[in-house]
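*Asks:* Sharing a structure below in structure tokens format, with a few things to ask.
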Amino acid sequence: MKRGEKRILFAASEAYPLIKTGGLGDVVYSLPHALHARGADVRLLLPGYRALLRQLDQVRILGWLDVRGAEGIVGARILETRHPDFAFPLWVVDCPPLFDRPGSPYVSASGQDWPDNAERFAVFARVAALLALDALDTGWQPEVVHANDWQTGLVAAFLADQPARPKTVFTIHNLAYGGYFSHSDFVRLQLPSHWWSPESVEFHGGFSMLKGGIVYADAVATVSPTYAAEICTPEFGYGLDGLLLSRQYKLHGILNGIDTGIWNPSTDTHLPAHYSAGRILPGKRRNKQALIAHFLPRADDAVLQAPLLGLVGRLVEQKGIDWVLAAIPVLLLETDARFVLLGSGQTLYEQKLARLARQHPDRIFVEIGYDESLAHLIEAGADMFLMPSRFEPCGLNQMYSLNYGTPPIVFKTGGLADTVVDANTATLKDASANGFVFDTPDVASFLDTIRRALALYRKPAQWRKLQQTGMRQSFGWADSAGHYLALYSTPVSEDSHVIHIT
Ligand code: ADP
Ligand code: GLC
């Protein structure tokens, strides 16, 4: 190990390309790589899900740890592996009763939360805390443990009163998922009894793993400056706004970056044609052709000429899917726009989108499911990108869209507000416009903004300028990784364990 390298144990519940359900997976891949590229000595700790274990080739057993589960002691085997997609070692918590099962990391095939999620992620957090203390005597003890979202919220809590512990950093990727469990889970997991307090993890009669991260981590980050301010208000705080406000001294809004190696229209391996800001049109047109052909093998010229509005995302209320569902019928009547939508999530949204596509097969193209390659093709082949999220901690898709010359249409919230500049007379003139923003959360404003976008689309020179502004912006990790490294090096604040709850 070189002198001066920070040793960082990064703990999370998903990581692209091994296992991903959303933007968390992308960030857990790209942020540790950005840190590694800046000289950090990183280990990434993940649960040993069946789908993940199947992708590992050669593993080394680092050791065995016994920790408390819901029904007694649970044994976990800690594996170390080198994976070709990762520049640093992966550590995997292999515990078959908890993680060796089909389906997603969090829900069963029928979409229900796994009933033992409290145990699964309490065990994962206990193991992470032990590894942070080098309980296996590997000779590698991190100086910083960086945990992410509720699944790892208890890591900082388990470490809080340990002597000679590493610094703890906790990033909130989405406050809407609090990791809430019952009092009986708390008892069965034998969590420390002094945690059963509103000043600790207790929350309205149950407990919240996310709250553990906020209360006990030395530093708390969230994924955009605007969201960092929003979550301190009742509107976005899910009842944790008072706590967050009292912890503002250790709360940092650090905008996510995107991986410009993977998401780059001039090199993207998922695309039939490449393009860049200097020459957009021919490449983008070929991608649009391929995208339309995916759904409509014999599309005529009118389809290619018409504006194509894309959407990729989890089909949940957060993403404003109901606004999209309400806007589409109006736009079908008023305009010649086409729609291409990829996502999975709430059954009702899936059914409604699928029904719309059946009713208008030549205008609405829908794929329900998860398809990484199609997501890239939509970013490249669509003319504009719909992302009317009610709240958005950061959002990666709008940054992918900007870099792909596919101006996003977004609601002014969280990371969307921090990255998208609305096209109006002034911003078009000073060339800062890169997309379209509405600031009243309703269908009428969303529709008006889409109409504005469609009008500008008919002015090719101005449209090209808008595309170029987004494509020339740099959303890489350089700045943000620097902010995290600075956070890792800041001494732990004296009063970080003082509890003040408003
Ligand atoms: P969130 O994390 O809230 O889902 P982000 O915009 O931060 O939102 O990140 C979403 C990520 O997940 C992007 O990489 C996006 O392309 C991907 N994604 C979401 N849904 C799908 C899907 N159905 N198929 C492929 N990729 C998807
Ligand atoms: C969450 C948020 C999203 C963010 C992602 C990565 O899933 O919903 O806004 O971009 O995490 O931090």
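*Asks:* Cα-Cα over 22 Å: which of K284/K459; K429/K459; K352/K459; K284/K319; K20/K319; K20/K284?
*Replies:* Pairs exceeding the cut-off: K352/K459; K284/K319; K20/K284.
*Asks:* Ignoring any ligand, DNA or RNA, what whole percent of the accessible area of the range 259-405 comes from carbon and sulfur when the probe is 1.4 angstrom?
*Replies:* Answer for the range 259-405 is 52 percent, counting heavy atoms of protein chains only.
*Asks:* So, in nm, how far is label R298 from label D479 when the simple model puts each one 7 Å beyond its Cα toward the Cβ?
*Replies:* For R298 paired with D479, the spin-label model returns 5.1 nm.
*Asks:* What value does the range 281-471 have for Rg/Rh, both radii from Cα atoms and Rh as Kirkwood defines it?
*Replies:* Expressed as Rg/Rh, it is 0.93.
*Asks:* Which Rg and Dmax, in Å, describe the Cα atoms of the range 113-212?
*Replies:* 13.3, 42
*Asks:* Also, I was wondering about something else. Under a 1.4 Å probe, what is the accessible area of the chain per residue, stated in Å²?
*Replies:* It amounts to 39 Å² per residue over the chain.
*Asks:* Name the residue farthest towards the positive end of the dipole of the chain from the options G111, L62, G25, assuming +1 on Cβ of Lys and Arg, -1 on Cβ of Asp and Glu, about the Cα centre.
*Replies:* G25
*Asks:* Hey, another quick one. Just order 253-261, 349-357, 409-417 by mean Cβ neighbour count inside 10 Å, highest at the front, would you?
*Replies:* Listed from highest to lowest mean packing, they are 409-417, 253-261, 349-357.
*Asks:* Next up: How long are the three semi-axes of the equivalent ellipsoid for the range 142-196, computed from the Cα gyration tensor as the root of 5 times each eigenvalue, in whole Å, largest first?
*Replies:* Three semi-axes, in Å: 21, 17, 7.
*Asks:* Let a ≥ b ≥ c be the square roots of the eigenvalues of the Cα gyration tensor of the range 30-181; is it rounded (a/c under 1.5), or, if not, prolate (a/b larger than b/c) or oblate? Don't skip to the answer; put the middle values down first.
*Replies:* Details: a/c = 1.30, a/b = 1.19, b/c = 1.10.
Since a/c stays below 1.5, the shape of the range 30-181 is classed as rounded.
*Asks:* Would you calculate the separation in nanometres between label points at A354 and S266, each defined as 7 Å from the Cα along the Cα-to-beta-carbon direction?
*Replies:* Computed distance between label sites A354 and S266 equals 4.2 nm.
*Asks:* Using 18 Å as the cut-off for backbone N distance, which residues of the range 240-263 belong to the label zone defined by a point 7 Å from the Cα of A37 along Cα→Cβ?
*Replies:* 255-263
*Asks:* Let me ask another. Report the net charge of residues surrounding I214, where surrounding means a beta-carbon distance below 10 angstrom and charges are Lys +1, Arg +1, Asp -1, Glu -1.
*Replies:* +3
*Asks:* Compute the Cα gyration tensor for the range 222-350, then decide on rounded, prolate or oblate, letting a ≥ b ≥ c be the square roots of its eigenvalues: rounded whenever a/c is under 1.5, prolate when a/b is larger than b/c in the other cases, and oblate in all that remain. Show your work: numbers first, answer last.
*Replies:* On the way: a/c = 3.01, a/b = 1.65, b/c = 1.82.
The shape class here is oblate.
*Asks:* Once both axes come from the Cα atoms, what is the angle between helix 478-489 and the longest principal axis of the chain, in degrees from 0 to 90, rounded to 10?
*Replies:* 20 degrees
*Asks:* Where does helix 23-37 land angle-wise versus the long Cα axis of the chain, in degrees 0 to 90, nearest 10?
*Replies:* Its long axis makes an angle of about 70 degrees.
*Asks:* Round to the nearest 10 and report in Å² the accessible area of E372, as given by a 1.4 Å probe over the protein chains' heavy atoms.
*Replies:* Surface accessible to solvent at E372 totals approximately 40 Å².
*Asks:* Further question on the same structure: If the only charges are +1 at each Lys and Arg Cβ and -1 at each Asp and Glu Cβ, what is the size of the charge dipole of the range 176-253 around the Cα centre, to the nearest 20 debye?
*Replies:* Values: 4 positive and 7 negative charges, 32 e Å.
Charge dipole of the range 176-253: 160 debye, to the nearest 20.
*Asks:* Related question: Given 0.36 nm per residue, what is the gain on full extension from A51 to A176 after removing their alpha carbon distance, in nm?
*Replies:* Values: separation 125, 0.36 × 125 = 45.00 nm, distance 2.59 nm.
That works out to 42.4 nm of additional length.
*Asks:* Next question. Among rounded, prolate and oblate, which fits the range 389-448 when a ≥ b ≥ c are the square roots of the eigenvalues of its C-alpha gyration tensor, a/c under 1.5 means rounded, and a/b larger than b/c means prolate?
*Replies:* On the way: a/c = 1.77, a/b = 1.13, b/c = 1.57.
Oblate, because a/c is 1.5 or more while a/b does not exceed b/c.
*Asks:* Can you sort Y404, Y216 by 1.4 Å-probe accessible area, starting with the largest? Please list the in-between numbers first.
*Replies:* Numbers: Y404 0, Y216 30 Å².
Of Y404, Y216, the descending order of accessible area is Y216, Y404.
*Asks:* Quick one: dipole size for the chain, taken about the Cα centre, charges +1 on Lys/Arg Cβ and -1 on Asp/Glu Cβ, in debye to the nearest 20.
*Replies:* 1360 debye
*Asks:* Mind putting a number on the dipole of the range 353-400 about its Cα centre? Charges go on the C-beta only, +1 for Lys and Arg and -1 for Asp and Glu, and I need it in Debye to the nearest 20.
*Replies:* The dipole magnitude comes to about 300 debye.
*Asks:* Straight-line reach from K167: which lysines fall under 26 Å, measuring Cα to Cα and dropping same-chain residues less than 8 apart?
*Replies:* Partners within reach: K2, K6, K211, K250.
*Asks:* Just to be sure I understand the model, the point goes 7 Å from the Cα along the line to the Cβ. What's the resulting E71 to D362 distance in nm?
*Replies:* Computed distance between label sites E71 and D362 equals 6.0 nm.
The values are calculated or read from the model by the stated rules, or taken from the named source; none is laboratory data. Just so it is clear, the model here is predicted, and its values are computed rather than measured. Note that each Cβ is placed from the backbone with ideal geometry, even for glycine, and that neighbours are counted across all protein chains shown. Calculation scope for accessible area: heavy atoms of the full protein, side chains included, ligands and nucleic acids excluded. Shrake-Rupley method; radii C 1.70, N 1.55, O 1.52, S 1.80 Å.
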